[in-house]
1. Residues in region 218-238 that are over 25 Å from residue 276 (Cα atoms) and open to solvent by less than 10 Å² (accessible area, probe 1.4 Å): how many?
2. Restricting attention to strands (runs of 3 or more DSSP E) lying wholly within region 288-383, give those where 1 or more residues are over 30 Å from residue 400 (Cα atoms) and among the aliphatic types (A, V, I, L, M).
3. Out of the residues in region 394-424 that are farther than 23 Å from residue 286 by Cα and touching a residue at least 60 places away in the same chain (Cβ under 8 Å), state the one that is least open to solvent (accessible area, probe 1.4 Å).
4. Out of everything in region 241-272 that is in contact (Cβ under 8 Å) with a residue 12 or more places away in the chain, hydrophobic (A, V, I, L, M, F, W, C) and assigned to a helix (DSSP H, G or I), what residue ends up being surrounded by the most Cβ atoms within 10 Å (Cβ to Cβ)?
5. Looking at 36, 67, 4, can you tell me which residue is in contact with a Phe, Trp or Tyr (Cβ under 6 Å, 6 or more places away or on another chain) and either aliphatic (A, V, I, L, M) or farther than 30 Å from residue 175 by Cα (or both)?
6. Would you check if residue 235 is assigned by the TED database to the domain that holds residue 149, over 22 Å from the mean Cα position of the chain (by Cα) and under 24 Å from residue 280 (Cα atoms)?
7. Can you name the residue in region 173-188 that is open to solvent by 10 Å² or more (accessible area, probe 1.4 Å) and part of a helix (DSSP H, G or I) and is also farthest from residue 13 (Cα to Cα) among such residues?
8. Just checking, which of 56, 52, 23, 40 is assigned by the TED database to the domain that holds residue 103 and in contact with a helix residue (DSSP H, G or I) (Cβ under 7 Å, 6 or more places away or on another chain)?
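The values are calculated or read from the model by the stated rules, or taken from the named source; none is laboratory data. The structure presented is a predicted model; accordingly, all values stated were derived computationally and were not measured. Cβ placement follows ideal geometry from the backbone for every residue including glycine, while neighbour counts extend to all protein chains displayed. When the accessible area is computed, the model is the full protein with side chains, heavy atoms only, and any ligands, DNA or RNA have been set aside. Shrake-Rupley method; radii C 1.70, N 1.55, O 1.52, S 1.80 Å.
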Amino acid sequence: MSGVDVITFGCRLNTYESEVMKAQAEKAGLNNAILVNTCAVTGEAVRQARQAIRRARRDNPHARIIVTGCAAQTEKETFAEMAEVDAVLGNEEKLASASYRSLPDFGVSAQEKLRVNDIMSVKATAPQMVRHIDGHVRAFIQVQNGCDHRCTFCIIPYGRGNSRSVPMGAVVDQARKLADSGYREIVLTGVDATSYGGDLPGAPTLGLLAKTLLKQLPDISRLRLSSIDSIEADAHLMDLIADEPRFMPHLHLSLQHGDDMILKRMKRRHSRADALRFIEDVRRLRPEMSFGADMIAGFPTETEEMFGNAVRLAEEADIAHLHVFPYSPRPGTPAARMPQLDRSLVKDRAARLRATGHRLHQSHLDGMVGTRQWLLVENNGLAHTENFALVAAPGLRPGELVPATITGHNGKHLDMQLTAAAAA
């Protein structure tokens, strides 16, 4: 191989940062290299990263393999001790071209491979200018990094550090460059995006940032948020939901569970009632709003009744896109020291919660048949509606915004017939 290839795991923020890494590595003159941007959310994510590294070495025996990302930050020795790995960079180091110019030579010890600082000492997030997101027709912009909360199941704050925000002016500049490059949809990303602005002068909010972007940049056709914590939603965000058609009617919520006792043991800041109230308020302002959510099955001490409350929350909230995670103990987190459930029970509950999510998704697709939608065409023969449902769109040019009538679905994605723009 030649050049720089990137293997990305995890969230949309990692997708964005992989573009920054590739650009910085190429700027440093790196060649014949594979960058592996890891995720630490679950033990399975770490296992998959290790597997990908071994496969990359088999397929590219002479390439330099550099591992970074959240798992590299939290489990640096694990990756440094792999014979296939030539260097390990921390989450801060991976974004600087100097890191790629000072890599150790082949055959060094595990300790010499490490370029990982104390992420908790990082106090600011520098804006990273990206004009192109490879393979995507939607552009991601990092507005925030890190997290000040300490959910008992989560290792991510130790991989990302404390919350820090990108100044609003820098976000606007980045969005303007991406819009000028032809991107019709912008997605604002962060580790805890709704905490945006608390560390900036004047403490602007995520909602105010989104309002400002849409006001100053009329060329942005669609704006999304990657994920939010509903308890932090501000008045500006609610205004956008109610009044701004370019703000897309889809929100992905960090719910995690539907039982109040489990939510307390997770150290979440919302209750079951808080979550349902937020969803009800949003749907009153924007009836077509659809919701996605992350939920964990099999958390320590979870009884069958508690699990049932999680299932019922998904049903009562009518979650169209349910992302289910079987609980995975992460060393160093409080939940890993709590009484654990049998792994077979965890897997069983995750499967049952996924079945609920599948049923809710089918109902959501059923409800869209016969509606008129504007579709953003992706690179893979599919498109997304404004409320983030997938639509088969063969033969259409990626990046196009096209009007269509939904004619049916196959259980996974919608079918459509193109309509005249004036009729849509």
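1. Final tally of qualifying residues: 2.
2. Values: elements: 290-297, 321-326, 372-377.
Passing ranges, in order: 290-297, 321-326.
3. Once the filter is applied, the top-ranked residue is 399.
4. Looking at the filtered set, the residue picked out is 262.
5. So the residue among 36, 67, 4 that is in contact with a Phe, Trp or Tyr (Cβ under 6 Å, 6 or more places away or on another chain) and either aliphatic (A, V, I, L, M) or farther than 30 Å from residue 175 by Cα (or both) is 67.
6. For residue 235, the condition - assigned by the TED database to the domain that holds residue 149, over 22 Å from the mean Cα position of the chain (by Cα) and under 24 Å from residue 280 (Cα atoms) - is met.
7. Restricting attention to region 173-188, the residues satisfying the condition of being open to solvent by 10 Å² or more (accessible area, probe 1.4 Å) are 173, 176-177, 179-184.
From what is left, the residues that are part of a helix (DSSP H, G or I) are 173, 176-177, 179-180.
Working: 173: 18, 176: 19, 177: 18, 179: 19, 180: 21 Å.
Checked region 173-188; the qualifying residue farthest from residue 13 (Cα to Cα) is 180.
8. On the way: 56 fails: in contact with a helix residue (DSSP H, G or I) (Cβ under 7 Å, 6 or more places away or on another chain); 52 fails: in contact with a helix residue (DSSP H, G or I) (Cβ under 7 Å, 6 or more places away or on another chain); 23 fails: in contact with a helix residue (DSSP H, G or I) (Cβ under 7 Å, 6 or more places away or on another chain).
That would be 40, the only listed residue that is assigned by the TED database to the domain that holds residue 103 and in contact with a helix residue (DSSP H, G or I) (Cβ under 7 Å, 6 or more places away or on another chain).
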